[in-house]
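The values are calculated or read from the model by the stated rules, or taken from the named source; none is laboratory data. Here the structure is a predicted model, which is why all the values come from computation and not from measurement. FYI the Cβ positions are ideal-geometry reconstructions off the backbone, even for glycines, and counts take in every protein chain you see. Surface accessibility is based on the protein's heavy atoms, side chains included, excluding ligands, DNA and RNA. Shrake-Rupley method; radii C 1.70, N 1.55, O 1.52, S 1.80 Å.
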Amino acid sequence: MAERTKRQKKITKKHFRILFGRMQWAMLLFFLMVTVLLIERRNIIYNSTDRCPAILDQSVFTEGAFDKEPECLVIWDSSVPSSVSARQQMSEVLTQMKVPFQEQDMHTNSVLRLSGYENAVIALDDYDVFGSQIFNLFDAVEDGMNLLTVCSPSTLSHFSLIMGRMGIREIGYEQYRVTGLRFLSDFMIGGRLRDYEITDPYDSSSTVSLYDDCIVHMVSADEREMPIIWEYSHGKGKIVVNNLNYFEKAYRGFYSASYGLLSDVCVYPVINASSFYLDDFPSPVPAGEGEYIQRDYNMDIGTFYTNVWWPDIKNLAQKYDVEYTGLVIENYSDENQAPLEGNDDLHRFRYFGNDLLDEGGEIGFHGYNHMPLVLDNFDYQDEFDSYKQWESADDIRASMQELNRFCSTVFPEEAFSVYVPPSNILSAEGRQILAEDFLDVQAIASIYFVGEFEYSQEFEVAEDGIIETPRIISGYIIDPYMEIAALSELNLHYVSSHFQHPDDVLDEDRGASLGWEAMRDRLDEYMSWLYTAAPEIRNLTGSEIAGAVQRYFFLDSKVEMDADAVKISLSNFQDEAWLFVRMNKERPADVQGGTLTELAGGLYLLEAHSNEVIINLEA
């Protein structure tokens, strides 16, 4: 009996050791799984990424622009509103192209002085103001000057005398309503990929028929195919006619491309950058259910963001090699006065933010909450009912200090150099606080187009040293106006800049009723168009595009040309420089000091490796 009991105890101990051993392995496996999950979700150890191109200390840009004689004369009439608009946009285009130019207002100085200019731009529609001088203008073209006209004529008495020299056989008295644009040549990047719709069209363009020896680049996208942009040789000079007659920011690239057709060679600096921003990301996830998310996925908002939206957004980034810039909102409170309550719920911020960083992205500032940095003197005019003005400048400072504390806690290895204003609204007082008290903020990315409240920008470096990097298009439903703007900026600055919000999927005005899959596919279509049109464009984060804009802004070029080569000298060249080179007559054979890539018909992207580049021409 005792022996039997002894054997049972031995068997029991053996079973216990086996069972305990199995439990140990199960517990160890469970512990490892939890550890991996925590590392994945929290990503506590993260090594910061070196950004390239980095933002440089502004003191390195010590050289001034080249001392060059004016290349172009812009002729306009300050008494005519259409001419004022045309002159304003052409002035901006030539400034962005770094073309030295002068202006002549025919209203205050009616005597034309054309000597010494390689090119001239007519930015007026009443050719009668020239009087008999109109023949002097076209005689100068015949002798070798080039001419760009950007306004359709409002009177025909003097215009009819010289229209044949512009390649026009006949012109009608009524204007033509252009509802879309169709490219017959590939002189603009991305033009030949599709037709482009014009929103809110009006009777804008001259009704013309042309001589057969005109080179027509763009027509109306309809059965009639009314000529919109064409070129015509007149004696030793060239005339380019832009019959579009839309003078706003969204069309600047059409005018820069038209100007580039004039000379044998046209060279100017560009940015070469594509950036995608995620506003309000990471941020607190809205609680509850969204109508269209529930309809299509039967999920609450938080689950949808985690399991559907973010994986799809990451897949697009991986498909097109995009590196997102996420802009943090700490909370969605309506606090507008210090002391401000911090957000202690860090889990989702770490999960989404570190996942973005692991994909090569970047984190920037959006706001402590979603209240723009404005004081009580800023009038929202009942457009933003949920927004409060900050009580004082000190409260604005406190909000940014709390945001910086929060972001530094969640992402201790990150440098937060990019700021995006909530709703793209930023007051002069708020901007001054950013510039003076938050020196790590080196770039502001607001919006390119002028709005009623928005902080509108150009691609430039402001006097206080902050780099202005405007976003051009937004959302998932890229409408026809944004398509035109994207095409235009690709051909002016060689840049694309887009922003989206996670909560776009909740807003019917932003396309939510179409469903997430349709929204995602529309963004995919835009990305496919962009990288088909411009496969050489660089994908950059927010601070990297700021570094690119900084180099572009300070760069200047001087061109000397002979029968064998084009010599390009660069002022303020640092570690890299990008330029457009349009060659309308010769073709390049090889390059010294740079790399040349053809982007469109006769349009090349030059990557300069030094401050002197020589393009040898084909025999």
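Things to note:
- Per residue solvent-accessible surface (Å²) - the range 465-562, probe of 1.4 Å: 28
- Quotient of C-alpha Rg and 2.2 N^0.38 Å, computed over the range 386-501: 1.16
- Cα-based Kirkwood hydrodynamic radius, the chain, one decimal, Å: 27.3
- Compared with the dominant Cα axis of the chain, that is its longest principal axis, helix 428-437 is turned about 60°.
- Look at the dipole of the chain built from charges on Cβ: of Gly353, Cys72, Ala123, the Cα furthest out on the positive end belongs to Gly353.
- Cross-link pairs beyond the 21 Å C-alpha cut-off, checked among Lys238/Lys585; Lys68/Lys98; Lys236/Lys567; Lys68/Lys249: Lys236/Lys567; Lys68/Lys249
- The length gained by stretching the chain between Asp203 and Asp479 to full extension, at 0.36 nm per residue less their Cα-Cα distance, is 97.2 nm.
- Cα-projected label distance for Thr62 with Gln102, points at 7 Å along beta-carbon direction, nm: 3.3
- Ordered from highest to lowest accessible area with the whole protein assembly present and a 1.4 Å probe, Cys214, Cys52 read as Cys52, Cys214.
- Inter-centroid distance (Cα atoms) of the range 365-438 relative to the range 287-346, Å: 20
- Paramagnetic label reach from Asp213 (point 7 Å along Cα→Cβ; backbone nitrogen cut-off under 11 Å): within the range 141-169, residues 167.
- Alpha carbon centroid spacing (whole Å) that separates the range 559-606 from the range 443-469: 29
- Its Cα centre serving as origin, the chain has a Cβ charge dipole (Lys and Arg +1, Asp and Glu -1) of approximately 3620 debye.
- Computed FRET value (nearest 0.05) for Ala619 with Glu413, which takes r as the C-beta separation and R₀ as 51 Å: 0.35
- Crossing angle, helix 542-554 versus the chain [Cα axis fit, 0-90 degrees, rounded to tens]: 30
- Rolling a 1.4 Å probe over the protein chains gives Trp309 an accessible area of about 0 Å².
- Heavy-atom accessible surface of the range 301-384, averaged per residue, reaches 40 Å², computed with a 1.4 Å probe.
- Acute angle (nearest 10 degrees) that the helix 2-42 long axis makes with the longest principal axis of the chain, alpha-carbon atoms: 20
- Additional length obtainable on full extension of the chain from Thr95 to Glu560, 0.36 nm per residue less Cα span: 165.4 nm
- Averaging the sequence gap over all C-alpha pairs within less than 8 Å and six or more residues apart, then dividing by the number of residues, gives the range 289-395 a relative contact order of 27 percent.
- Computed with every protein chain present, the accessible area of Glu436 is close to 110 Å² [probe 1.4 Å].
- The loop-placed GluC sites (Glu not before Pro) in the range 209-306, going by DSSP, that have at most 15 neighbouring Cβ atoms within 10 Å of their Cβ come out as Glu223, Glu225, Glu248.
- Estimated distance in nm for a label pair at Asn109 and Glu536, the labels positioned 7 Å out from Cα along Cα-to-Cβ: 3.9
- Close amide H contacts of Ile425 (hydrogens built in the peptide plane, cut-off under 5 Å, sequence separation of 5 or more or a different chain): Tyr455.
- Per-residue ellipticity at 222 nm, computed for the chain from helices alone with -39500 (n - 2.57) per DSSP H run of at least four residues, works out to -9500 deg cm²/dmol.
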